[in-house]
Each structure stands twice: as C-alpha cells, then as structure tokens.
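Following: one structure in structure tokens, then a few remarks.
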Amino acid sequence: MGTVGLSFGSPISGAGFDVSSTVSAIMANLQNVETPWKHQLTTLESQDTALSNLGTLLSKVSSDVSNLTNFTGVMAQKTGSSSDTNVLQLTSATSSALAGTHTVSVKSLAQTASGYLTAVTNASDQLSGSISIQVGSGNAQIVNVSSSNNTLAGLAAAINAAGVGVRASVLTDANGSRLSLVSNASGQNGNLTIASSIVDTSNSNAALAYNPVVSGKNADLFVDGVELSSASNTVTNLIPGVTFQLLAPSSTAGDGSLDPVQVIIGNDNNSVESAIGQMVTDYNALISAIDTQQGNDSTGKAEPLFGSPTLSLLEQQLLSGLNQQNPNGYVDAIATNTGTTLSGSITLQVGSGTAQVVEVPQATNTLQGLADAINGANLGVTAAIVTRNNQSTLTLLSQTAGLAGALTVSSNLTSTSDTLLGFRGLLAGGGTNASGALDQIPAASDVLSGSISIQVGAENAQTIALDSTDNTLQGLADAINGTDGIGVTAAVTTNSDGSAYLSLQSLTAGSAGNLTVTSSILDTTNTHTSALNYTSSSDLSTLANIGITASQKDDGTMDFDASVLDAALNSDYSGVLGLFQNANSWGQSFQTMLNNAGSSSSSGTLALAQKANSNMESTLNADVTKEDATIATQKAKLTTELNAANEIMQQLPSQLQGINEMYSAISGYNQNKG
C-alpha cells in the first residue's frame, strides 16, 4: 500500500490544508485492497456469460434430439395423398398410422336428417301448441309454445336452448317463413322423428305440420375390399390413424363396379431429414463454441473459459455420447435392488452363421455373468449392461455391419427375484405421531435380507441391517427397537391368515417427528419368476448408417450426408426409428447425456460450473461489501480527525501573535520596532 502525505506549505501560515482531497487520496489507497477482488468478479461474470451461451447451444441440441426421440415427434409425422380428391380428401394421419397404400371406394355419402314446418305468411305471426322431437333412438323431447316464444324466431330459440339434439332456424323467402330443423348428429343415428301440434293463431289456427326432407343415412364405402359404414362423411380410423373426408360417391366403371381411390400414407422423410440436419448443425455450433473458448480472442487475450476443466469434460461427454454404438436389441429389464438371479439360455445367430446357445453360468447367474459368458464365447456379438432408475438390461450388438451381421436372437431366460418390501407412511397432523409400515409378507417366518434407513424429523438418518442370526420380521423389529436414539418404535402384526407386516411409529409428536424411511429389505422366501424376452431394436449400429460422420476438418464437428439418410429412410425406416426411439438406443442414451450435462440438471457439468462461480461471486461480493463498510467508517473517522487538525493549524498565527504580545508586555521588547 502506498503512502499519502499532507501538503500545506508553511505550517504557521494559517492556510491549513485541503481535508477533502487528503481524505480522498487516503481512501483511494485503502480501496486498492478491493482491486483484485473486483478483477476476479469481472472474470467470473465473463465466465458466466460464456457458460450461459454454451448452455443455450446445448439446449438447442437437446431440443433437436428430443424431437427425434419423442414418440409423437417428427418421426411420427405422416404424409398422405388421394388419387381422386373430388371423391376423397385426406385430413390427417396420427403417429399410429402405418405407411402403406389403401384402396377406398365410396358407394354413398352420409346424410344428416332435416326438415321444416309448414310456412307462415308473416314471420311475426303468433303461434301456439307444442312440438315433439326425437333424435335417433333417444327419448322424445317436448318444446311448448308460450307467451315468451310464440313466434317462429322465439320457437327456434326455445328449441336451441332446450338442447334436444337439433339446430332450429327460420328460413324466409317469397313464399313465407318456415322453421327449419337439422339434426346435430349425422347418419342414421341422427334420424328425426317429429310430431308438431303447432298452429298459427294469426291465421285461423292453421296447422304447421312437419315435412321431412332428408333422412339420416350412414356413408357406405369399401376400404381395402371390406364394406364399412360411417355415420359421418369425416371418416376416422377406418384406416388406423387416418382421417379423411368423403366428398362424392365413386364413379362407376363399365362393368358396374366402383372406381377405387388410392390412398397413400407415407413417412415424412423430408421433415426427418430436416430435423436430423438441424441436430448436426446445432451440435457443430456447440462444438465450435467450446473450441473458441479454448483459445484467445482477436486481441490475443485468453477467452473467459480458457483452461477450464469444464470445457474438456463437456467435450468428452459429447464425443463419447456421439460415438456410442446403438444396440441391435435388448433383453427385458430386471430390477437391480431385488437380488435377481437368472437361469436358462439365449440363442444367438449372426447373419447366416450357425446359431450358438449360451447358458447362464451357474456360478455367476446374474445379468453380468451372462454378459461375460456371451463376450467370452467370441460369437461376433458384444453384450453390455445398461442400468437406469434401478433397472438393468442386457443389450446386444453385432460386430459385423450391414445385413451380413443381422442378429437373430431367441431368449429362453428366466429371472427369479426376491420381493422388495417398500414403506408407506403417514405424516403427523393435529398433534399425532407419524407412522407407517413395510409391505405385508405371506408369513412372519419368511427369511429377510438387506437394511432399512430411518430418519425422524431433521435428525440424522440411521441404518439398521438385518442380523443373519435372526433375519425375520421380528428380528428386524428387535434390531430397530434396540438401536439407541433412533426415535421410533417397531412392532410386528400377524394376521389370522399368517401374513404379517412391520409398523413404525415416531416417538416425537407433530411434524418434527415425521418419518423418512428408505427400505432395501428383501423377502427372500417370497420370490417371483418371469420370462425375459428379447426385443429387436434396430439393425443400424452407428450414426454413420444415417450419414453422420466425423468431419474431415478433425475439429470435433460432424459432416452430414443427406443422401445416405434418405436411402436409409426409404429402405429401413423402422431401423432409423429404432436408432432414436427404442429402449437403450443411441438416441435415448444421447438425450440422457445431454440432459445430465447441461444446466437443467443440478449435477450437470454446466450447472456445477455455474454454481461454483455463483458461490465464489457471493464470497467476493461479501468481501467487497465488508471492506466498503470498513472504509466508510475509516473515512468518517479520518475526516473528523483531519478537520480538527486543520482547525488547529489555521489558528496558529493568532496564537503566535498573542504569545508575541505577551512577551512584549513582560520584557518591554517590541519586536515590531526597527
């Protein structure tokens, strides 16, 4: 820290010194302590901006992949065409629609029942009576004429308000006005049965009879040779997932048959190609942004994240996820927390090779043991275990690309699992104690294994493991009750049929005694056996199969050949679909990686980096605030002290003059005389 001196010329001149500038100079010197902190804050803020930009770019890639992995996303979209849009026009096709060609012949269109009452000369004529309206096989509804609705317009409004299943309106032309009735339901189920006792009291009580015009009738059509019926001309799901509009009957051929309309449903390859191309573009933008941060800017100054391990970790995650191979298929998942064992065998055939049978090893009868056996048999197949959310599955990948490596699998595997005893509890309320119970077991003598974690309120959780000498429900209860300070009471209840359960009750009343219980207790006596089936996922194993390869620039970006993807979509759409959407597929795995790497997950790479920066910024800002408060206190104190000193210095000339005068009076010496 530098020094600051007082500048005031002659000390006895009476001029004193500039207190304000002196204090400012001293404060500036003290504030130099904060300079490195503020520089560090500026650096962290620049890093925050860079991390936020990377997060935005990663989010775009994640959104692109989600569009492809979503079962109702772009890969579910369909295109369609009609060979005769005068007869039939396609409206929509849902994700359940299958690509293919269908023939439709329209025999007749659906009709909606309608009719009218006898016309009156003047629309304002007064009416009386009632009208009975029945739609299809429904109940007849009566609408009465009253003083509030005794005109055609009033009657129409009353019918519409009654909700009897018809639309009423008044039609007027040169011949008078009449009440029109149209069924709300098309087809034969919307047929109208109407009885009118309405009379025109303004015209000698002339009766207004109902005149049917159109009878309700279903559309008759043939779909792929099958005669079908539709109550509406808007036809839904007669071709699964497809909606089309009937506009006219089909024309009749010379032999009297109906001319068919070709309806073609196709996968929307163009949209899929566009979506995958966008994914590659956004991925390359993210990689380029990471590469930029690993160098210097245009002035030669290091980028904010230069040297940050966050960059290398993120890049490693992206490249690893991108290069992950897509399994050709998988075995049904098994729970990882139920002591599951396997038995049986699995038969594998690669291409036209000989089928090979792999038995589950008796010594290691687990999923990993089976994977090791497959990999050790050198069958041209790679087996791997994928675990997510307490579920593990065996995936298989052919080591030979293309049709020559097509994998044919037959599973005769069986899994045997213990029963996991979950905990269900009630929170405390109204001064009561929290309680709960483990799942009921068939017999109190069942052999148990595992442990249970119990936390009461905000106290530390305690874990109680079953003792092998007493591994029953009662043994577990005794172990819980024998644990000091755990804060709960355990009891075993045995039902009349021999089944039993363990209950827990908190010893602390109210919400402070609420229970948090995690059970990994297994009932090893009560086991479940199920067959493990094999599901074929996709014969496409890498992104290269759809035209995505490492860029020749060797900078981590990817090249995209749309023609390769187009060929794959045309020849093997289900394979492309499986690459993105099937369980344990490349698309599902890559989507999970993106979600876990970004800022949406609290443990994501970018989220952790942002959190670390935020914590450091909070500490630095607190240090700056504390130092500012100290400086402000010192400034006030110093200003007071220097003002006092300045006043003394300004009074020195008058004090010296007084001393001179006193000296002259005593000595008789007048120093002012020559």
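The values are calculated or read from the model by the stated rules, or taken from the named source; none is laboratory data. It should be emphasised that the depicted structure is a prediction, and the values quoted were computed from it without experimental measurement. Glycine gets a Cβ as well: all are built from the backbone with ideal geometry, and neighbour counts include every protein chain shown. Surface areas here come from the heavy atoms of the whole protein model, side chains and all, with no ligands, DNA or RNA. Shrake-Rupley method; radii C 1.70, N 1.55, O 1.52, S 1.80 Å.
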Over the range 107-121, the set of residues touching a Phe, Trp or Tyr at 6+ places or on another chain (Cβ under 8 Å) and either open to solvent by less than 30 Å² (accessible area, probe 1.4 Å) or on the phi > 0 side of the Ramachandran plot (or both) is 115, 117
Residue 239 meets each of (1) surrounded by 20 or more Cβ atoms within 10 Å (Cβ to Cβ); (2) part of a strand (DSSP E or B) with one exception, condition (2)
Under the condition of being outside any strand (DSSP E or B) and either of a type in the set (Phe, Trp, Tyr) or open to solvent by less than 60 Å² (accessible area, probe 1.4 Å) (or both), which residue from the range 514-537 is farthest from residue 500 (Cα to Cα)? 537
Looking only at the range 587-627, count every residue that is within 27 Å of residue 67 (Cα to Cα) and aliphatic (A, V, I, L, M) and tell me the total. 6
Among 310, 347, 341, 364, the single one that is open to solvent by 60 Å² or more (accessible area, probe 1.4 Å) and of a type in the set (S, T, N, Q) is 364
Would you confirm whether any residue within the range 350-359 is modelled with pLDDT of 95 or more and either in contact with a Gly (Cβ under 7 Å, 6 or more places away or on another chain) or open to solvent by less than 40 Å² (accessible area, probe 1.4 Å) (or both)? yes
So how many residues does the range 139-175 have that are loosely packed, with under 14 Cβ neighbours inside 10 Å and part of a loop (DSSP other than H, G, I, E, B)? 8
Residue 292 - would you say it is of a type outside the set (Lys, Arg), surrounded by fewer than 19 Cβ atoms within 10 Å (Cβ to Cβ), at negative phi and modelled with pLDDT of 95 or more? no
Looking at 213, 182, which one is in a strand (DSSP E or B), open to solvent by 60 Å² or more (accessible area, probe 1.4 Å), among the aliphatic types (A, V, I, L, M) and within 30 Å of residue 118 (Cβ to Cβ)? 213
Identify all residues within the range 393-427 that are within 29 Å of residue 501 (Cβ to Cβ), crowded, with 20+ Cβ neighbours inside 10 Å and either among the polar types (S, T, N, Q) or touching a Gly at 6+ places or on another chain (Cβ under 6 Å) (or both); write none if there are none. 415, 418, 419
So residue 124 fits all but one of (1) under 25 Å from residue 234 (Cβ atoms); (2) open to solvent by 50 Å² or more (accessible area, probe 1.4 Å); what number is the exception? (1)
Please count how many residues of the range 216-230 are open to solvent by 40 Å² or more (accessible area, probe 1.4 Å), part of a loop (DSSP other than H, G, I, E, B) and within 14 Å of residue 187 (Cα to Cα). 0
Which members of the range 78-98 meet the condition of being part of a loop (DSSP other than H, G, I, E, B) and closer than 15 Å to residue 264 by Cβ? 83, 84, 85, 87, 97, 98
Residues that are in contact with a helix residue (DSSP H, G or I) (Cβ under 8 Å, 6 or more places away or on another chain), charged (D, E, K, R) and either on the phi > 0 side of the Ramachandran plot or surrounded by 15 or more Cβ atoms within 10 Å (Cβ to Cβ) (or both): does the range 258-274 have at least one? yes
Please find, among 72, 101, the residue that is without any contact (Cβ under 8 Å) to a residue 24 or more places away in the chain and either outside any strand (DSSP E or B) or loosely packed, with under 15 Cβ neighbours inside 10 Å (or both). 72
Taking residue 326, is it in contact with a Phe, Trp or Tyr (Cβ under 6 Å, 6 or more places away or on another chain) and either aromatic (Phe, Trp, Tyr) or open to solvent by less than 20 Å² (accessible area, probe 1.4 Å) (or both)? yes
What are the residues in the range 419-469 that are under 32 Å from the mean Cα position of the chain (by Cα), of a type outside the set (Gly, Ala, Ser) and more than 13 Å from residue 504 (Cα to Cα), if any? 419, 420, 421
Given the condition among the β-branched types (Val, Ile, Thr) and either over 32 Å from the mean Cα position of the chain (by Cα) or more than 30 Å from residue 241 (Cβ to Cβ) (or both), answer yes or no: does some residue in the range 294-305 qualify? yes
Check on residue 664, open to solvent by less than 50 Å² (accessible area, probe 1.4 Å), within 29 Å of the chain's Cα centre (by Cα) and free of Cβ contacts under 8 Å to residues at least 24 places away in the same chain: no
Only one of (1) open to solvent by 20 Å² or more (accessible area, probe 1.4 Å); (2) outside any helix (DSSP H, G or I) fails for residue 285. Which number is that? (2)
Restricting to the range 299-341, name every residue that is over 25 Å from residue 578 (Cα atoms), in contact with a strand residue (DSSP E or B) (Cβ under 6 Å, 6 or more places away or on another chain) and not in a loop (DSSP other than H, G, I, E, B). 302, 341
Taking the range 399-415, which residues are farther than 12 Å from residue 352 by Cα, assigned to a strand (DSSP E or B) and not small (Gly, Ala, Ser)? 409, 412, 413, 414
Being of a type in the set (A, V, I, L, M, F, W, C) and within 30 Å of residue 220 (Cβ to Cβ) is the filter here; which residues of the range 105-127 pass it? 106, 109, 110, 113
Show the residue pairs meeting these rules: Cβ distance below 7 Å; 6+ apart or different chains; first residue within the range 453-465 and hydroxyl-bearing (Ser, Thr, Tyr); second residue not in a strand (DSSP E or B). 453/461
Any chance you could count how many residues in the range 430-473 are open to solvent by less than 50 Å² (accessible area, probe 1.4 Å), of a type in the set (A, V, I, L, M, F, W, C) and not in a strand (DSSP E or B)? 4
Filtered residue count, the range 488-505, keeping only those that are open to solvent by less than 20 Å² (accessible area, probe 1.4 Å) and part of a loop (DSSP other than H, G, I, E, B): 1
Please go through the range 187-209 and give me each residue that is open to solvent by 40 Å² or more (accessible area, probe 1.4 Å), assigned to a loop (DSSP other than H, G, I, E, B) and closer than 23 Å to residue 139 by Cβ, ordered by number. 191, 197, 209
Among residues belonging to the range 72-103 that are among the polar types (S, T, N, Q) and in contact with an Asp or Glu (Cβ under 8 Å, 6 or more places away or on another chain), point out the one that is farthest from residue 248 (Cα to Cα). 77
